[in-house]
Amino acid sequence: MDKLLVDTNVVLDLLGKRIEFCHEAQELFTLSDHGKIQLCVSSLTIANTHYILTRQLKIADARKILRQFKVLVEVLPLHDKILELSLDSNFRDFEDAIQYYSALEGKSDMIITRNKKGFKFARIPVLTAREYLSLKR
């Protein structure tokens with residue numbers, strides 16, 4: 001079974017119901033719900049998603065959504081080793097570095113994102129949700 005780290009932008013596509021990308025995110029999370037893949041997110045994703053959702057929703061509503069979402073994924077811890085690796089990395093975007101090293105430390109097989117160019121130094125596959133789903137069909 002594939003273990004995938006889902007980047008924040010894909011989580012926001014799903015939870016924020018971003019029309020252009022929501023369908024692919026829904027398909028991905030449905031595969032997880034049916035036990036065909038394992039999805040994980042970094043704890044940073046939960047924090048960032050909460051922040052963004054509270055710009056659109058009441059805090060209580062954002063937290064309710066995240067509580068429901070959390071049962072679909074494994075939340076990977078953010079610890080000192082990940083921060084050190086991220087700080088010492090060649091990644092331009094610090095958040096991308098944290099996602100990447102969270103994926104490695106969490107033993108993920110690949111990263112699912114809409115920002116593939118942010119992961120050009122990755123040593124594991126980086127795909128969009130659309131690319132991954134097309135492999136599974």
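Using the structure shown, list the pairs from LYS17/LYS64; LYS3/LYS136; LYS17/LYS58; LYS70/LYS136; LYS3/LYS36; LYS81/LYS107 with a Cα-Cα distance above 18 Å, or answer none.
LYS70/LYS136
Once the other residues with Cβ under 14 Å from the Cβ of ARG114 are scored (Lys, Arg +1; Asp, Glu -1), what is the net sum?
Cβ neighbours under 14 Å give a net charge of -4.
Coordinate-derived values only; no laboratory data. Keep in mind that what you see is a predicted model, and the values were worked out from it rather than measured. With ideal geometry, Cβ positions are generated from the backbone for all residues, glycine too; neighbour counts draw on all protein chains shown.
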